[in-house]
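Enquirer: Here it is, the structure, as structure tokens.
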Amino acid sequence: MKWRTPIFALAAAALSLASDTGVQEPSLREAARNSGMLIGAAARSAQLSEPAYASTLAREFNMVEPEDALKWEIVHPEPQRFDFSQSDQIVDFATRHGMKIRGHTLVWHRQNPKWLTEGKFTSTELADILEKHIKAVVGHYRGRVFAWDVVNEAFDELHPGELRSTLWRDQPGIGPSPGAATEALPVSGRPYEYRPYQYIERCFRWAHEADPQALLFYNEAEAETVNPKSDAIYAMVRDFRQRGVPIDGIGFQMHIANLHADIVSIDTNIARFAALGVQVHITEMDVALPVDSNGNASPEDLQLQASLYREITRTCLSHPGCTAIQTWGFTDKYSWIGSHSKHTQGAALLFDRSYHAKPAY
Ligand code: XIL
């Protein structure tokens, strides 16, 4: 078998896998191409050397997003040093397999390095650091990453409609400090809420300068339905569109807990964002199930999970503006749900730990 190049080996592995994994024809990737959709998965560079991981990813998806490799703590570990080694592996894999690459994420309040969070920078220094970071990372992948989550999870859960308190907003932050502005947004009526998202606007403008062709997204959790958080994001996106701030899309994460999703509200929400002229991407879908001590879910729950995946997919497909569906990982072997909830929840993805397609597939 020495004559086989890695591509042939991968194709052979995929063929043999297809025969015993419950995978159907056409693959998700073929089905997505037939309907002009992007179907993606978050991926971990360390797993790309595992043949079943690599062959499933390449066979089933036409889009990939680094799960962690582009977060500050990995890509920007020291003030003057960037480390693209992990993200480059994923980007190279995607390029070899003709997959589109989504970048995640340029600005977030989590997974930041200590030099940044404990650096006690002034607002001016912080703005400079952020601008240079965005331009370095977007610039490195200019022309290769087709879409970026520019800002992730900037709105708050506890105070609906308000921005989350983060380094970027107020420590000292590059956004307006509370009390600085006088005019109120209709959303919350709080006096200091006038365009509190000014720092978000600056990030979009910097990203656009670094790669004018890239699509720029605002990505958020728990904003899938019509609710106070999505209302506030809607007001921001509408304002951005009216004033020509370069925003192209909104990402709804779609981490579903409790086996419940309000499909009608999700449908209405997708419709109103699409009507603003932005694309909608489902960016991080998974459906966590209760699991036993072996990590297994019940057959009933696997069917309920399948119906949730089906309904969300149908809803997205019914809106021309909803152009991508992505899951947060693809095999239960490597999923943040399994690793973050002491294993009472898990089995959230389309493939089980042995890469067999589940009912959700
Ligand atoms: C998660 C990753 O999956 C984990 O590996 C990491 O330890 C923590 O972050 N919303 C996001 C993602 O936008 O970046 C998060 O990813 C999951 C929640």
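The values are calculated or read from the model by the stated rules, or taken from the named source; none is laboratory data. As the structure is a computational prediction, the values presented were derived from the model and not from experiment. Glycine gets a Cβ as well: all are built from the backbone with ideal geometry, and neighbour counts include every protein chain shown. Areas reflect the complete protein model, heavy atoms only, side chains present, ligands, DNA and RNA absent. Shrake-Rupley method; radii C 1.70, N 1.55, O 1.52, S 1.80 Å.
Enquirer: Condition test on LEU216, is it buried (at least 20 other Cβ atoms within 10 Å of the Cβ) and modelled with pLDDT under 95?
Expert: On the way: buried (at least 20 other Cβ atoms within 10 Å of the Cβ): yes; modelled with pLDDT under 95: no.
When the stated conditions are applied, LEU216 does not pass them.
Enquirer: Tell me whether the stretch 307-316 contains one or more residues that are in a loop (DSSP other than H, G, I, E, B) and in contact with a helix residue (DSSP H, G or I) (Cβ under 6 Å, 6 or more places away or on another chain). Break it down into steps so the answer makes sense when it comes.
Expert: First pass over the stretch 307-316, keeping only residues in a loop (DSSP other than H, G, I, E, B): none.
No, the stretch 307-316 contains no residue that is in a loop (DSSP other than H, G, I, E, B) and in contact with a helix residue (DSSP H, G or I) (Cβ under 6 Å, 6 or more places away or on another chain).
Enquirer: Which residue is nearest to the ligand (Cβ to nearest atom), if the candidates are limited to the stretch 116-149 and must be buried (at least 18 other Cβ atoms within 10 Å of the Cβ) and among the small types (Gly, Ala, Ser)?
Expert: The residue in question is ALA147.
Enquirer: May I pose another question? Do we find that ARG102 is within 18 Å of the chain's Cα centre (by Cα), within 13 Å of the ligand (Cβ to nearest atom), charged (D, E, K, R) and open to solvent by less than 10 Å² (accessible area, probe 1.4 Å) in this structure? Reasoning before the result, please.
Expert: On the way: within 18 Å of the chain's Cα centre (by Cα): yes; within 13 Å of the ligand (Cβ to nearest atom): yes; charged (D, E, K, R): yes; open to solvent by less than 10 Å² (accessible area, probe 1.4 Å): yes.
In short, yes.
Enquirer: I'm trying to understand the selection: among the residues of the stretch 148-168, which are closer than 12 Å to TRP108 by Cβ and either outside any loop (DSSP other than H, G, I, E, B) or at pLDDT below 85 (or both)?
Expert: Kept after step one, since they are closer than 12 Å to TRP108 by Cβ, are these residues of the stretch 148-168: 149-154, 164, 166-168.
Result: ASP149, VAL150, VAL151, ASN152, LEU167, TRP168.
Enquirer: Cβ contacts < 7 Å: first residue over 19 Å from CYS203 (Cβ atoms) and more than 12 Å from the ligand (Cβ to nearest atom), restricted to the stretch 218-234; second residue open to solvent by 30 Å² or more (accessible area, probe 1.4 Å) and part of a helix (DSSP H, G or I), any location; separation 6+ or different chain. Result?
Expert: The qualifying pairs are VAL226/THR268.
Enquirer: Can you tell me which residues in the stretch 240-259 are touching a helix residue (DSSP H, G or I) at 6+ places or on another chain (Cβ under 9 Å), touching a residue at least 40 places away in the same chain (Cβ under 8 Å) and more than 16 Å from the ligand (Cβ to nearest atom)?
Expert: VAL245, PRO246, ILE247, LEU259
Enquirer: I'd like the full set of residues that are crowded, with 19+ Cβ neighbours inside 10 Å, out of contact with any helix residue (DSSP H, G or I) (no Cβ under 6 Å at 6 or more places or on another chain) and hydrophobic (A, V, I, L, M, F, W, C), limited to the stretch 105-115.
Expert: Of everything in the stretch 105-115, just one residue is crowded, with 19+ Cβ neighbours inside 10 Å, out of contact with any helix residue (DSSP H, G or I) (no Cβ under 6 Å at 6 or more places or on another chain) and hydrophobic (A, V, I, L, M, F, W, C), namely TRP108.
Enquirer: Evaluate the following for ILE270: is it modelled with pLDDT of 95 or more, outside any strand (DSSP E or B) and touching a Ser or Thr at 6+ places or on another chain (Cβ under 8 Å)?
Expert: Working: modelled with pLDDT of 95 or more: yes; outside any strand (DSSP E or B): yes; touching a Ser or Thr at 6+ places or on another chain (Cβ under 8 Å): yes.
In short, yes.
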